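All remarks here apply to the structure that follows.
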Amino acid sequence: MWWPLRSAAGAALVAASLALVAAWGWLRGGEQTKLTHFFVNVTIVVALQAFSGNSGILSFGHMALFGAGAYVAGILTLDPALKSIYLTSLPHFLQDANPRWWIALALAAVAGGALALVSGIPILRLDGASAVIAILALLLIADVVFGSWTGVTRGGAGLIGLPPEATMGRAFAFAVAAVVAARIFKDSKTGLLLRASREDAFSAASVGVAVRAYRVRAWVLSGVIAGAGGALFAWWIGTISPTDFFLAPTFALIVMFIVGGKRTVAGAVVGAALVTLVQEQVRGYEDSSVHLGLFTIHRLTGLTQMVLVVMILIVMYLRPEGIVGREEPDEAVARFLRRRPA
Amino acid sequence: MTFHEFVQQCINGLSLGSTYALLALGLAVLFSIMGLINFAHGELLTIGGYVMWTTLHHDTSWWLVVPATLLATTLAAVAMERIAFRPLRGASIETLLVTSFALAFFIQTALQIGVSAEPEPIAHTGWSSRGYSVGAYTIGLIQIVTTAVTFAVLVLLTFFLKRTLLGVSIRAAAEDFAVVRLMGVPAGRVVVSAFALSGLLAGIASLLFFASAGSVSPTSGTPPVVAAFIAVVLGGLGNLTGAVVGGYVLGFADQILAAVHSNTILQFHDAVVLAILIGILLLRPQGLVGRREGIV
């Protein structure tokens, strides 16, 4: 079978489980907002997987790409009447712009990809731990820009009243598209050589793998997916401010990526499912108080975060390769079938 | 910028760079020995801040606040090693990195739930806001103390690392841990001392930082330590001299650019500084002091 088709067929297993979740939510009703959140999380963690899973460089900067997409989509689709009040430094053509959702989403994806290209060329010259920290620096730069460019982003006050364009169906479609794209990329020549460089960068380079160029390609693809995911996130949540794209969400993203298993696209989806479950179910208890014998803790601010910490530490100590492990489910199934003669 | 402004900003940069250098050293010691990028270093700083808050709140004299803070951060660093990192000895750089990131959020959240998410005021002692005029220049007492303490620490640290057996073991382990273990140096002792050293350095930085910061919150350790990360990479990752150089370069760059920038750029000041530093790394990926290694 032609390889991209085979990869897509492999990803279909994951896509089908996403479809089951969507169908369940659609039948049940009332859970659609939570499921939209899940699909947005899938999109962003799959973006991270496309870069970090294949290159082996853990990125703490994806929220910069995600945020760029969110702000582009948010600024484009905000009601022009509100724009003229909030965003005073916006150029006129943007003040008046009110594009259809899919045009705004495409532009957000382009913005994510463009930011990735511009940042990736210098940052990915670095290697290993230096690259990790330089990518973290990108996150800090993005945070300063989101927070200080008040005439365009409204700074810390955030963009309020974004249109609810992220329906569950759209979020589902983009999650599936991200899963398929990431899987095809992983199995492509670029993805394969990049994974070789992840295992041993020196050996890969010595047989002619242009490690840096491949890393930049993965980073740009990742930026495009993250930008689109950012647009959906902005429309899902309705209000975006710089803290939505800084360290705490970065941590949640890393938990999704690591807990499921960083080497597989399926692992990213599993991680997104677990983290979304925690975010949606635990958040309700944050305002409650707890009596521990003599002590009473009045507000459990950060309880969600604490649960995520415990989740990731358990995985780090017991199963560092994550829940799914090294193989995609379809690969594991294929191997299992091959072992037994028909 | 006039010459006068330039000198004044250099004075400010010297003390800012000193704080960064202390933090960067603590990070570099751990990275060079065990490949750990310790995100939780910022939480050592924060813990020091909370100890200062508690003790100063009860009108404790500075002669007790200083040893109490240093002891707390050193013990916290050793506890981190014992509880979080010892079970992961020999694990991949990425596992250590993720664990330290999670540990940082664990401590932050524990402080949020256990103390408060709001900043707590650290009683302003008279001496930290006192300033002197030397000719046309203003120098804060805290700046003098910070710079002097850092220089003293650097001298003592150099002595420790060059003249004592433990210090030489640490330096050797930073070069090649495997060979050092083959030479019969107990690995556990080297790692624990490295953590204790990084905790002590964080404690000193904590005293200097919070004496002028005025308040402490669960997340207040993050920004200075993230700056120290950048300083470490700038100097050359895993290189102790580089960490100090990187810290001072970052301090000077930050202060001098703050004077150059017009008001419109000033709001993006931190972003500009970071972008320039990434630019430097583009020219020297191995850092200012580091040797050329790597593949791409």
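Looking at region A:252-342, what helices (runs of 4 or more DSSP H) fall wholly within it and have at least 1 residues that are within 14 Å of another protein chain (Cβ to nearest Cβ) and at pLDDT 90 or above? Spell out how you get there, then give the answer.
Values: elements: A:265-282, A:303-318, A:329-339.
It comes to A:265-282, A:303-318.
What helices (runs of 4 or more DSSP H), lying completely within region B:179-267, carry at least 2 residues that are within 14 Å of chain A (Cβ to nearest Cβ) and over 21 Å from B:I122 (Cα atoms)? Show your work before the answer.
Numbers: elements: B:187-213, B:222-235, B:240-260, B:263-266.
Per the criteria, B:222-235, B:240-260, B:263-266.
From the list B:V168, B:V180, exactly one residue is under 19 Å from B:S32 (Cα atoms), in contact with a helix residue (DSSP H, G or I) (Cβ under 9 Å, 6 or more places away or on another chain) and surrounded by fewer than 17 Cβ atoms within 10 Å (Cβ to Cβ). Which is it?
B:V168
Taking into account only those residues within region A:197-212 that are of a type in the set (D, E, K, R) and within 19 Å of A:I123 (Cβ to Cβ), which is nearest to the other protein chains (Cβ to nearest Cβ)? If you could, list the steps in order and put the result at the bottom.
Residues of region A:197-212 of a type in the set (D, E, K, R): A:198-200, A:212.
When the remaining residues are screened for being within 19 Å of A:I123 (Cβ to Cβ), the result is A:198, A:212.
Working: A:R198: 10, A:R212: 4 Å.
Across region A:197-212, the extreme among qualifying residues is A:R212.
Which residue is farthest from B:E5 (Cα to Cα), if the candidates are limited to region B:242-270 and must be aromatic (F, W, Y) and touching a residue at least 60 places away in the same chain (Cβ under 8 Å)?
Across region B:242-270, the extreme among qualifying residues is B:Y248.
Taking the conditions exactly as written (closer than 28 Å to B:V65 by Cα and either surrounded by 13 or more Cβ atoms within 10 Å (Cβ to Cβ) or without any contact (Cβ under 8 Å) to a residue 12 or more places away in the chain (or both)), does B:A187 satisfy them or not?
no
Within region A:313-330, take every residue that is among the β-branched types (V, I, T) and within 24 Å of A:A9 (Cα to Cα) and give me the one that is surrounded by the fewest Cβ atoms within 10 Å (Cβ to Cβ).
A:I323
Mind telling me which of the residues A:S59, A:S55 ends up being closer than 30 Å to A:G267 by Cα, within 14 Å of chain B (Cβ to nearest Cβ) and within 15 Å of the chain's Cα centre (by Cα)?
Among A:S59, A:S55, only A:S59 is closer than 30 Å to A:G267 by Cα, within 14 Å of chain B (Cβ to nearest Cβ) and within 15 Å of the chain's Cα centre (by Cα).
Got at least one residue in region B:269-278 being surrounded by 21 or more Cβ atoms within 10 Å (Cβ to Cβ), part of a helix (DSSP H, G or I) and more than 8 Å from every other protein chain (Cβ to nearest Cβ)?
Yes: region B:269-278 contains one or more residues that are surrounded by 21 or more Cβ atoms within 10 Å (Cβ to Cβ), part of a helix (DSSP H, G or I) and more than 8 Å from every other protein chain (Cβ to nearest Cβ).
Looking at B:G13, B:G42 in this structure, which one is in contact (Cβ under 8 Å) with a residue 24 or more places away in the chain, within 13 Å of another protein chain (Cβ to nearest Cβ), closer than 30 Å to B:I139 by Cβ and of a type outside the set (V, I, T)?
Selected residue: B:G42, the only one of B:G13, B:G42 that is in contact (Cβ under 8 Å) with a residue 24 or more places away in the chain, within 13 Å of another protein chain (Cβ to nearest Cβ), closer than 30 Å to B:I139 by Cβ and of a type outside the set (V, I, T).
Quick check on region B:84-97. Is at least one of its residues surrounded by 15 or more Cβ atoms within 10 Å (Cβ to Cβ), within 26 Å of B:L208 (Cβ to Cβ) and either β-branched (V, I, T) or within 11 Å of chain A (Cβ to nearest Cβ) (or both)?
no
With respect to A:L58, determine if the residue is in contact (Cβ under 8 Å) with a residue 12 or more places away in the chain, more than 20 Å from A:L159 (Cβ to Cβ), among the hydrophobic types (A, V, I, L, M, F, W, C) and in a loop (DSSP other than H, G, I, E, B).
For A:L58, the condition - in contact (Cβ under 8 Å) with a residue 12 or more places away in the chain, more than 20 Å from A:L159 (Cβ to Cβ), among the hydrophobic types (A, V, I, L, M, F, W, C) and in a loop (DSSP other than H, G, I, E, B) - is met.
Which residue, of B:G236, B:G247, B:G199, B:G251, is of a type outside the set (S, T, N, Q), in contact with a Phe, Trp or Tyr (Cβ under 6 Å, 6 or more places away or on another chain) and surrounded by 24 or more Cβ atoms within 10 Å (Cβ to Cβ)?
Exactly one residue qualifies, and that residue is B:G247.
From B:G140, B:G114, grab the single residue that is touching a strand residue (DSSP E or B) at 6+ places or on another chain (Cβ under 6 Å) and either away from chain A (no Cβ under 14 Å) or farther than 30 Å from A:G322 by Cβ (or both). Steps first, please.
On the way: B:G114 fails: touching a strand residue (DSSP E or B) at 6+ places or on another chain (Cβ under 6 Å).
The unique qualifying residue is B:G140.
Residue by residue, here is whether (1) modelled with pLDDT under 95; (2) buried (at least 20 other Cβ atoms within 10 Å of the Cβ) holds:
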residue	(1), (2)
A:G161	yes, no
A:F172	yes, yes
A:E199	yes, no
A:A218	no, yes
A:S222	no, yes
A:I225	no, yes
A:G230	no, yes
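The values are calculated or read from the model by the stated rules, or taken from the named source; none is laboratory data. Worth saying up front: this structure is predicted, and the values here are computed from it rather than measured. For neighbour counting, all protein chains shown are included, and Cβ atoms are generated from backbone atoms with ideal geometry for every residue, glycine included.
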